[in-house]
Every structure is written in C-alpha cells, then in structure tokens.
1. When the Karplus curve 6.51 cos²θ - 1.76 cosθ + 1.60 is applied with θ = phi - 60°, which whole-Hz ³J(HN,Hα) does each residue of the range 91-106 get, with x for Gly and Pro?
2. Can you work out the FRET efficiency for the pair residue 75 and residue 151, with r the C-beta to C-beta distance and R0 = 45 Å, to the nearest 0.05?
3. Mean separation of Cα pairs under 8 Å and 6+ residues apart, divided by the residue count of the range 26-135: what relative contact order is that in percent?
4. Residues in the range 98-139 near a label at residue 51, defined as backbone nitrogen under 19 Å from the 7 Å Cα→Cβ point?
5. So how much slack lies between residue 102 and residue 32, counting 0.36 nm per residue of separation and subtracting their Cα-Cα distance, in nm?
6. Could you give the length gained by full extension between residue 58 and residue 135, i.e. 0.36 nm per residue of separation minus their alpha carbon distance, to one decimal place?
7. With respect to the cross-link table entries 58/137; 24/119; 26/137; 26/119; 24/58, which display a Cα-Cα separation exceeding 32 Å?
8. Only loop residues by DSSP count here, and only those with at most 16 other Cβ atoms within 10 Å; note down the trypsin sites (Lys or Arg not before Pro) in the range 50-128 that meet that.
Amino acid sequence: MAKKERPTPNQAATVDPKRNREGKLKCFGGSESDDRNNILANQAVRTLWLKNSDEETKDRQLNAAAAALQGFGPRDELEGMMAAQLVAAHSAAMECYRRAMMPEQTFGGRNQNLNYANKLARTWATLLNALNKHRGKGQQKITVEHVHIHNGGQTIVGTVEHPGGGTEGKVEEQPHAKQIAHAPESPMWREDKSRDTVPVPCDEQRQMPHAWGQVTRRAQRECKRT
C-alpha cells in the first residue's frame with residue numbers, strides 16, 4: 001500500500017483572492033471575504049465557556065456572541081478583529097466574576113479571579129478606546145469661516161501653548177485676513193472752552209493739622225520760593 005506524501009512545512013499554499021468575495025457576512029467581520037468573516041466569528045464564539053451549558057443555552061450564547069459582533073458594525077478587517085477581541089475579553093471577564101462569586105470558592109481563589117477580571121476589564125477598555133480612535137471618535141474639529149482683524153492687529157490659527165506645559169500647535173499669522181473698513185469707537189473727550197475753570201488751592205494756603213505741630217520759618221521760606 002502506497003503511503004501518502006506529507007506536504008513539507010515550507011510548501012507554499014495556493015490562495016485564491018477572488019474566493020468568497022461576496023461579503024454576505026461582512027456585518028460580523030468587516031471583510032469582503034466571507035471566509036475571513038466566518039473564521040473571525042468562530043474564533044469569537046470559541047472563547048465562550050460552554051462546558052456546563054445544555055444545547056438550548058449553547059445556542060443562545062452563540063447567537064448572543066454573533067449579535068455582539070454585528071452590533072459593533074465593523075467596517076473593515078481591523079475593526080472586525082478588535083470587535084472579536086472585545087467579545088472574548090468580555091466573556092472571559094464575566095466568567096472570572098462568576099467563579100469569584102461561587103459559594104464554595106476559597107478566599108485565595110476569589111481574590112485571584114477578581115484580579116483576572118480586573119485585568120480583563122482594563123484590556124476591554126483599552127480595546128474599546130483603540131476602536132473609537134480608529135473610527136475617529138473623540139476628536140473635536142472647529143471650522144473658522146470669517147476672521148476680522150482691526151488695523152495693526154494680528155491673529156493666530158492653531159493650538160496655543162500655555163505657560164508651564166501644554167500641547168504644541170502650529171501658529172501662523174494671517175496678514176491677509178479681511179479687515180473691517182470702519183470700526184466704531186467711543187469718541188474721546190475734548191476741551192470745552194465754555195466751561196469755567198475750577199480754582200485749585202495752593203499747598204501753602206492749606207492749614208496743617210495740629211498733629212504735625214507748627215510750621216517752621218524755614219518751611220515757610222521754602223514754600224514761598226516754590
């Protein structure tokens with residue numbers, strides 16, 4: 001009986017880029033390749049703890065994991081992978097929480113499971129932050145349509161760095177910005193010739209309080225000289 005030849009480890013595999021490119025399962029994996037979407041969905045559901053579940057419970061768990069992938073709405077392969085890891089991290093964290101709360105669980109086992117659940121919850125939050133950053137959420141965009149500058153003024157466009165630290169930004173002057181032809185200003189006070197002058201008393205005619213005592217003759221001569 002002839003033995004079948006085993007393929008060598010370095011043997012190149014034949015890949016058909018046009019195979020299953022219909023994208024019917026794109027809502028689960030974000031790829032146009034249904035092979036990729038199918039494998040990604042199976043990877044996510046295999047992370048579930050199904051050992052003590054009956055057939056009906058298993059079907060609900062599998063459908064729930066598939067619905068979670070569909071709820072993320074991955075738009076490309078990268079979002080599909082992050083969505084699958086989010087489902088896996090959530091399932092593992094909830095399993096650790098369940099084991100920590102078992103009545104027969106020891107103190108050490110409960111503490112260890114809670115530590116694992118804490119790490120998985122942080123991983124889940126990091127993955128969600130990466131997914132939102134990839135999708136462009138959390139970024140604020142401000143559009144300036146009109147800039148008015150008075151004569152002799154300047155403006156800057158960009159992020160201004162505050163003293164003591166902050167984010168550096170590009171600062172550009174706008175010398176060609178649109179200027180206002182007439183800027184209303186409050187009228188300045190001018191001299192009114194019709195007003196009467198107000199007499200100002202001289203210092204030498206002011207009486208000194210008793211706390212200062214009598215004015216000396218030398219002070220009187222200096223006051224007359226001035």
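1. Rounded to whole hertz, the list is 5, 5, 5, 5, 5, 5, 4, 5, 5, 5, 9, 5, x, 8, 6, 7.
2. Here the calculated transfer efficiency is 0.35.
3. Result for the range 26-135 is 28 percent.
4. 98-117
5. Between residue 102 and residue 32, full extension yields an extra 20.9 nm.
6. 24.5 nm is the gain from fully extending residue 58 to residue 135.
7. The pairs that break the limit, which is 32 Å between Cα atoms, are 58/137; 24/119.
8. Passing both the DSSP loop test and the Cβ count: 51, 75.
Read-outs throughout are calculated quantities, based only on the coordinates presented, and are distinct from any laboratory measurement. Given the structure is predicted, the values throughout are model-derived calculations rather than measurements. Using ideal geometry, Cβ is built from the backbone for each residue, glycine included, and neighbour counts are taken over all protein chains shown.
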